[in-house]
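Some notes on the structure that comes next.
The values are calculated or read from the model by the stated rules, or taken from the named source; none is laboratory data. Quick caveat: nothing in here was measured; it's all calculated off a predicted structure. Counting neighbours? That spans all protein chains shown, and the Cβs are built from the backbone with ideal geometry, glycine included. We work out accessible area using only protein heavy atoms, side chains counted, and drop any ligands, DNA or RNA first. Shrake-Rupley method; radii C 1.70, N 1.55, O 1.52, S 1.80 Å.
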Amino acid sequence: MVRVTKLRYGFPIGLFLFFYLDGILGAVFPQQLFSVPYSMSSYLVVLWLVFAVFFEDQIQIPLSIWAAVAGGLFDVYYTGIWGIFVFVFPIVVALTRACYKAFPINFLSGLLVYFIDITVVCSLSYIGNLVVHMTSASFADMMVDSLAPTLAYNLAAYVILYFPVQWVFNRLKN
Amino acid sequence: MNKFFSNRRLVIVIVCLIVSFGLMSVSVAIRDKRSTPPLIQQFGNDVVGLVNRVVAWPVSGLKGSVSGFSDLMNTYQENQRLKGQVQELAQTKVHDQTISQENKKLKKELKLNRSLTDYAPVNANVIARTPSAWQNQVIIDKGSAAGIKKNMPVLSGSGVVGRVAEVNRTNSKVELLSNSSESANRFAVTITNKNGQSVHGIVSSYNRDKNLIEMGNVTSKTKIEKGDKVATSGLGGVMPAGLYVGTVASTGTDNYGLASKISIKPATNLSELSVVTVAIRQAQTTN
């Protein structure tokens, strides 16, 4: 359980801030993020969830539930199609937890874990959209036009935000 | 078989998969058939959209100041270029005014109140863009409260950029022309060539690599050339006529060599949208 720390308020605020930033950054910098045919999808909300796994320490945040909530909002507000991210986000949290148990997390190994996470998010959302006929793009198109730029963007976000978010979590825990 | 069902985790995974696919199919069905999403989804979207505007404000402010600086650097060159265009535009505008007055008078004589070309514009800001490669979709800050309905055309700059896909009370989702989904960009359009002959058709797909929209299944023998203008035809649905879509980029035959396929260059850069206009048709609609 989240003990009475500032994290109790800080974590949801950060989660929603990053959730909104995903959409707003796309609207504010469309030419940089969506220059045809490439499209970088911003998944800062996933970054926040992954950082929470890394930095929560003894404080057990009910992350799977928060991930499902964020995923549900992502589905309803951004895509309009229920049932993709509401399951993908908790899967990513579970995956990150498993990696965290398997080996010690530091800046570099965390980067690799986040690499896997983003690949999972992109692939599963592609499969979901393919199944409901929202896209007809081929797997190769998906790799080159969507996955590669998305990975580049999100890993850059990881590198830039790792230490600031660590500092924020340390402040909130005490 | 026993072992399979005793594995609790596997059962949970399968149940989740079924629920996931169920939810996806239901929401796609609702999106395709109903004019508004379920009430609870509308309410959720309205609440989320409200906070979105608050968070977007400082971010757009920051972007505004940065782009203001770069705009200032380009101002001189742009000014030179635009001066030439302004003179031309003034002429066209006066001509346009006279023609629209004449048009009004003629309509009055014919007792035509509202024809297919009349529409009421509703301006809206883009507040978010779907962070997904599979849905080229933006969220605008006007909804059913402003008179917006599903499938209305959305304009930006000089031409059509997409259509309204989902309407909530205070915000709506707009599917762009560049959407790769199979039902997104079916616009009824008409191409007019230099001799004044026109070809009607429907936008059938989008070419991701070349950034062109394609109009397939054209069986007309009318000669269409590169540079001919494409506009909406106003046939069927809630679309007004005469909205500029783009210019013809190339013509050819389809994969089977039977009908011709026309590639159209969109009038507006689809990845640069900040303010859009929703066109509400004034003539009687069919749905």
Practice prompt. Name the most mobile residue of B:ASN79, B:ASN269, B:ASN255, meaning the one with the largest mean-square fluctuation, in a Gaussian network model of chain B with Cα contacts below 10 Å.
Written response: B:ASN79
Worksheet item: Peptide B:145-151: average number of partner chain Cβ atoms within 10 Å per residue?
Response: 0
Worksheet entry | 0 to 90° range, to nearest 10: angle between helix B:39-109 axis and chain B longest Cα axis | 20
Worksheet item: Can you tell me the accessible area per residue over the protein assembly as shown, all protein chains present, probe 1.4 angstrom, in square angstrom?
Response: 52
Response to the item:
Taking r as the C-beta separation of B:ILE18 and B:THR247 and R0 as 41 Å, the FRET efficiency to the nearest 0.05 is 0.30
Worksheet item: Per residue of B:134-142, how many C-beta atoms from partner chains lie within 10 Å of its own C-beta, taken as a mean?
Response: 5
Worksheet item: Accessible area drop of at least 30 Å² (1.4 Å probe, protein heavy atoms): which residues of the stretch A:52-77 qualify, relative to the chain alone?
Response: A:VAL76, A:TYR77
Worksheet item: Among all stretches of chain A without exposed trypsin sites (Lys or Arg not before Pro) (DSSP loop, at most 16 other Cβ atoms within 10 Å), which one is longest?
Response: A:7-174
Worksheet entry | Crossing angle, helix A:7-28 versus chain A [Cα axis fit, 0-90 degrees, rounded to tens] | 20
Discussion item. Per-residue Cβ counts within 10 Å, from other chains only, averaged over B:19-27: what number is that?
Written reply: 6
Fill in: Between the stretch B:53-109 and the stretch A:88-109, the Cα center-to-center distance that results, in Å
51
Worksheet item: Where Lys and Arg each count +1 and Asp and Glu each count -1, what net charge lies around B:PRO37 among other residues with Cβ under 9 Å from its Cβ?
Response: +1
Fill in: Rel. contact order, % - alpha carbon contacts under 8 angstrom, at least six apart, chain A
29
Response to the item:
On the accessible surface of chain A, probed at 1.4 Å with all protein chains in place, carbon and sulfur together account for a percent value of 73
Discussion item. Can you compute the modelled spin-label distance between B:TRP57 and B:ARG169, with each label point 7 Å from Cα toward Cβ, in nm?
Written reply: 2.1
Fill in: Positive dipole terminus of the stretch A:7-173, leading residue within A:MET143, A:LEU21, A:SER109 (C-beta point charges)
A:SER109
Fill in: A:SER138, B:SER65, ranked by accessible area, largest first (probe 1.4 Å)
B:SER65, A:SER138
Worksheet item: What's the FRET efficiency of B:ARG34 with B:ASP209 using the Cβ-Cβ distance as r and R₀ = 35 Å, to the nearest 0.05?
Response: 0.55
Response to the item:
Once A:CYS99, A:CYS122, B:CYS16 are ranked on solvent-accessible area with the largest value leading and a 1.4 Å probe, the list reads B:CYS16, A:CYS99, A:CYS122
Practice prompt. Run the dipole for the protein assembly as shown about the Cα centre, Lys and Arg Cβ at +1, Asp and Glu Cβ at -1, nothing else charged, and hand back the magnitude in debye, nearest 20.
Written response: 840
Worksheet item: For B:ARG281, what accessible area in Å² do you get when you roll a 1.4 Å probe over the heavy atoms of the protein chains, rounding to the nearest 10?
Response: 30
Item to complete: Place +1 on the Cβ of every Lys and Arg and -1 on the Cβ of every Asp and Glu in chain B, take the dipole about the Cα centre, and give the residue among B:SER263, B:VAL13, B:ILE139 whose Cα lies farthest towards its positive end.
Response: B:VAL13
Worksheet item: When the helix-only estimate is applied to the protein assembly as shown (DSSP H runs of n ≥ 4, each -39,500 (n - 2.57), divided by the residue count), what is the mean residue ellipticity at 222 nm, nearest 500 deg cm²/dmol?
Response: -16500 deg cm²/dmol
Worksheet item: Dipole magnitude of chain A about its Cα centre, charges +1 at Lys/Arg Cβ and -1 at Asp/Glu Cβ only, in debye to the nearest 20?
Response: 680
Worksheet item: What order do you get for B:161-173, A:108-120 when each peptide is scored by the mean count of other beta carbon atoms within 10 Å, highest first?
Response: B:161-173, A:108-120
Worksheet item: On full extension of the chain, what length is gained from A:PHE107 through A:ILE13, given 0.36 nm per residue of separation minus the C-alpha to C-alpha distance?
Response: 31.5 nm
Worksheet item: What number, in percent, do you get for the relative contact order of chain B if the mean sequence gap of Cα pairs under 8 Å and at least 6 apart is divided by its residue count?
Response: 18
Practice prompt. Return the value, in Å² to the nearest 100, of accessible area buried between chains B and A (probe 1.4 Å, both sides summed).
Written response: 4200
Response to the item:
Heads up, the stretch B:23-151 by the C-alpha gyration tensor (a ≥ b ≥ c square roots of eigenvalues; a/c under 1.5 rounded, else a/b over b/c prolate, else oblate) looks oblate
Worksheet item: Rank B:LYS210, B:LYS63 by accessible area, highest first, at a 1.4 Å probe radius?
Response: B:LYS210, B:LYS63
Worksheet entry | Per-peptide average of other Cβ atoms within 10 Å, ordering A:54-67, B:144-157 highest first | B:144-157, A:54-67
